[in-house]
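The values are calculated or read from the model by the stated rules, or taken from the named source; none is laboratory data. Predicted model only: the values in this text are computed from it and were never measured. All Cβ positions, even for glycine, are placed from backbone atoms using ideal geometry, and neighbour counts span all protein chains on display. Ligands, DNA and RNA are stripped out before the accessible areas are found, and what is left, the full protein with its side chains, is counted by its heavy atoms. Shrake-Rupley method; radii C 1.70, N 1.55, O 1.52, S 1.80 Å.
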Amino acid sequence: MKSLRARLCISFTALLAAALLMFGVIAWLVAREAMTNDLDDFLRSKATLLGRLVSVSRLRMEPWIEQELQVQERHFMLQVFAADGSLAGKSSNLAYAILLSDEVRRSEHPAGNAVIETLYVDGRAYRAATHPRREQWGDPVTLYAQALMPLDAVQAREWRLLVWLVGCGAAMLAAGALAAWHLSRQWLRSVANLEEAARGLSSAELGLRRLFVPADDAELAALAASFNLLLDRLESAHATQQRFTADASHELRTPLTVLRGEIEVALRKPRSAEDYREVLVSNKEEIERLSRLTENMLALAQVDVGDGIAQRELVNMSELCAGVVARLQGLASEKRITLQHEDGTNEPLSVNGDRIALERVVANLVENAVRYSPAGEQVTVRVSKAPPWIEVQVIDTGGGIAPEHLPHLFERFYRVDKARSRVHGGSGLGLSIVKALAEAHGGGVRVTSAVGQGSTFTVRLPAA
Ligand code: ADP
């Protein structure tokens, strides 16, 4: 695993190397071309001048001509040939004569322009400019004046240039890599700080500390902000979990304490069979309460981990509600409450969902309405269409719920009247199960209520 910093530096250095290489090659080609052109111009001008200075009648190399042309200072050589190509004179710095090439002899230019060529003598290369002198346009050649320079010297200059180019390029590359390494450390320092701060956060500090959001770095600020958002969510999930555990153990402890107390009292002295029976009946009630509670907790846990919906099928909500109403008629008549089912339309109002879970949603709401309404009231289950939703409303004409309780009603273990609810057998999980299941189906639940007038719970589910 490579670090971001290393990757940044490698990419930057590679880019710089490519740019330098391209620049170097271009500079090298241009410079070499310019150097060759310079040399050719120089030799051409010297050859032309030599051709003018040598007199045709005294065809030889005079010392003053060498001086005039600065042969020694400029490190080049001269030769003069007669019209037939035989050597007539050479400068003193040329050890042996170099023959006139056939190419020059064949040169037919009527004005006598200098010919440029590269000659090889004894394994040594010379650049030569030869001026065939003509007295007038188109006249025959009277003499050949030649200026030469060994190419070793030129090649040495080219090598020096190459060494300079490579040396400077390498130095620039090294400097660039160093700068990238240094700069990237500065850029990434904030990331390192962020990482260090995040690592330093203990779970106990979850609710207290947040990461510093740097003002001068947009990307890092966004990263720190979303990290803090994650911490917020973690904190709230952590708090919910803690509350749930505390509430759950409290709810479990109460029936267990009652059970233990009853059994201890019963065991204190021998009793009649009738007395034992009474204790057992009471125990059974507590145990039933415990079973209901654990069942509800299990149901919630299943929705939490995403297992709330076992299988999806097309469920006709009107039929389902009618079934629930029929099943709970007994409970309602026990409390002398009128329970009825209303269906406004004739078309099937279907939902794609889990039949058992949906039955549980409706049953929980109807049970609540029946349980928390005084005798003589009415409970209505109404199914209707409100595209794109199917709505199930459970309407009661009971006591209603005070406004301060409404926002908390769907919270786990929340009960309006703790003492009264316990008598009814409620643990405060019923509505949170309704909410969780409705949301697992892609819908939701809401409540409107007025004290003394009754409550309406509305479940919305996406229509199939
Ligand atoms: P419980 O198990 O106590 O019934 P729920 O989550 O089902 O828990 O309900 C939470 C509280 O909301 C109940 O304790 C009750 O006080 C109140 N409640 C629920 N439904 C109604 C209703 N139809 N009318 C009045 N109060 C209700």
### Query
Which net charge results when you count Lys and Arg as +1 and Asp and Glu as -1 among the other residues whose beta-carbon is under 13 Å from that of residue 390?
-1
### Query
Between residue 262 and residue 288, what is the FRET efficiency for a Förster distance of 25 Å, r being their Cβ-Cβ separation, to the nearest 0.05?
0.95
### Query
Counting only the heavy atoms of the protein chains, how much of residue 250 is accessible to a 1.4 Å probe, in Å² to the nearest 10?
100 Å²
### Message
What do you get for the angle between helix 273-304 and the principal long axis of the chain? Use alpha-carbon atoms, 0 to 90 degrees, nearest ten.
### Response
20 degrees
### Query
Put +1 on the Cβ of each Lys and Arg and -1 on the Cβ of each Asp and Glu in the chain; which of 328, 448, 192 then has its Cα farthest toward the positive end of the dipole?
192
### Task
Take the Cα pairs of the chain, get the Kirkwood Rh, then feed it into Stokes-Einstein at 37 °C and 0.692 mPa s and tell me D in µm²/s.
99 µm²/s
### Query
Where does the charge balance sit around residue 260 when Lys and Arg score +1, Asp and Glu -1, over other residues with C-beta under 11 Å from its C-beta?
-2
### Task
May I ask you to evaluate 6.51 cos²θ - 1.76 cosθ + 1.60, the Karplus curve with θ = phi - 60°, for each residue of the stretch 345-356 and list the ³J(HN,Hα) values in order in whole Hz, giving x for glycine and proline?
10, 9, 6, x, 9, 9, 10, 8, x, 9, 4, 4
### Task
Please give, to one decimal in nm, the separation of the simple spin-label points placed at residue 82 and residue 159, each 7 Å out from Cα toward the Cβ.
4.2 nm
### Task
Return, for the Cα atoms of the stretch 228-335, the radius of gyration and Dmax in Å, separated by a comma.
21.1, 66
### Message
Between helix 151-200 and the chain, what is the angle of the helix's C-alpha long axis to the longest principal axis, kept within 0 to 90° and rounded to the nearest 10?
### Response
10 degrees
### Task
Straight distance only, please: which lysines reach the Cα of residue 335 with their own Cα at less than 24 Å, same-chain residues fewer than 8 apart left out?
284, 418
### Query
Roughly how many whole Å is it from the C-alpha centroid of the stretch 297-326 to that of the stretch 109-146?
107 Å
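Just how large is the dipole of the stretch 192-254 about the Cα centre, in debye to the nearest 20, putting +1 at every Lys and Arg Cβ and -1 at every Asp and Glu Cβ? Don't jump to the answer; show the numbers that get you there.
Working: 6 positive and 10 negative charges, 70 e Å.
Approximately 340 debye in magnitude.
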### Task
Compare the peptides 75-82, 58-65 by average per-residue count of other Cβ atoms within 10 angstrom and give them in order, highest first.
75-82, 58-65
### Query
Between 35, 316, 256, whose Cα lies farthest towards the positive end of the dipole of the chain when Lys and Arg beta carbons carry +1 and Asp and Glu beta carbons carry -1, centred on the Cα centre?
256
### Query
With Cβ to Cβ distances under 14 Å as the rule, what net charge do the other residues near residue 87 carry (K, R +1; D, E -1)?
+2
### Task
Beta carbons within 10 angstrom, averaged per residue: use that to sort the peptides 123-134, 106-117, highest first.
123-134, 106-117
### Message
With every protein chain left in place and a probe of 1.4 Å, what is the accessible surface of residue 456, to the nearest 10 Å²?
### Response
30 Å²
### Kirkwood hydrodynamic radius of the stretch 173-268, from inverse mean 1/r over distinct Cα pairs, in Å
17.8 Å
### Task
Could you state how much accessible area residue 71 has, in square angstrom rounded to the nearest 10, with a 1.4 Å probe and all protein chains kept in place?
0 Å²
### Task
Treating cross-link reach as a plain straight distance, find the aspartates and glutamates whose alpha-carbon is under 12 Å from the alpha-carbon of residue 385, omitting any fewer than eight places away in the same chain.
343, 347
### Query
Where does the chain land at 222 nm, in deg cm²/dmol rounded to the nearest 500, when only DSSP H runs of n ≥ 4 count, each adding -39500 (n - 2.57), divided by all residues?
-18500 deg cm²/dmol
### R0 of 51 Å, Cβ-Cβ distance residue 250-residue 2: FRET efficiency to nearest 0.05
0.45
### Message
Cut-off under 16 Å on the C-alpha distance; same-chain residues fewer than 8 positions from residue 46 excluded. Which lysines are left, in chain and number order?
### Response
90
## Note on the structure
So, with points 7 Å from each Cα along the Cβ direction, the residue 109-residue 385 label distance in nm works out to 10.0 nm
## Note on the structure
Sorted by chain and number, the residues with a modelled amide H under 5 Å from that of residue 341, at a separation of 5 or more or across chains, are 381
### Task
May I ask you to give the average projected area over all directions of the convex hull of the Cα atoms of the stretch 308-462, in nm² rounded to one decimal?
8.6 nm²
### Query
Carbon and sulfur: what percent of the chain's accessible surface (1.4 Å probe)?
58 percent
### Task
May I ask for the angle, rounded to the nearest 10°, between helix 317-327 and the longest principal axis of the chain, with both axes built from Cα atoms and the value confined to 0 to 90°?
30 degrees
## Note on the structure
From highest to lowest solvent-accessible area (probe 1.4 Å; ligands, DNA and RNA excluded), 227, 23 read 23, 227
